[in-house]
Amino acid sequence: MLGVYGMGDIFPQGFPVLQKTSGLGGKDYISGYGGDNTKTQEENRTAIASTRRRPVILLHGDGGTASTWNSAAYTGFSTYAGLIDSAGYTPSHVWAISYFGEPAHAISSERTVPAVIDDVRSFIDAVLEYTGAEKVDIIALSMGVT
């Protein structure tokens, strides 16, 4: 999965391809981005451990995608850039999921929290496993808060 942060799917080598359970998003795998794709799993773990900060998972709102966090359109600033440039996080720390796909599919009655909760949980578990962290911090907006 190659791409540019926030412009498709990009994960570091060794991060698992997670199968979707919701059937939403037009792909059979969970999309998003996270970690530093120039580093190995061990290097990502070392970068996280060296800061004494937990990995951060970004959950978008209804109609959003993982790339929401790289744009000022929804939040007024790039949350991703703010975490990296101003808050002392590294790219190894920051993870985002597009639980409705990328680009997001049209709003429908199927786009509900229960429809995607298993996919979000799988993503959280995969980030915990990949990073070796015991906990993650979650930043969410709109439906992502739900």
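The values are calculated or read from the model by the stated rules, or taken from the named source; none is laboratory data. Predicted model only: the values in this text are computed from it and were never measured. Ideal geometry is used to build each Cβ from the backbone, glycine not excepted, and the neighbour counts take in all protein chains shown. Keep in mind that these areas ignore ligands, DNA and RNA; they rest on the heavy atoms of the full protein, side chains included. Shrake-Rupley method; radii C 1.70, N 1.55, O 1.52, S 1.80 Å.
Overview of results
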read-out	value
By accessible area with a 1.4 Å probe, ligands and nucleic acids excluded, highest first: order of Y99, Y80, Y29	Y29, Y80, Y99
Label-point separation, E43 to I117 (7 Å along Cα→Cβ), nm	3.9
Where D36, D118 fall by accessible area, highest first, once all protein chains stay in place (1.4 Å)	D118, D36
Nearest-10 value in Å² for the accessible area of T21, using the 1.4 Å probe	90
Built amide H within the under 5 Å cut-off of L18, gap 5+	I30
Anisotropy class of region 38-83 from Cα gyration tensor, a/c 1.5 cut	prolate
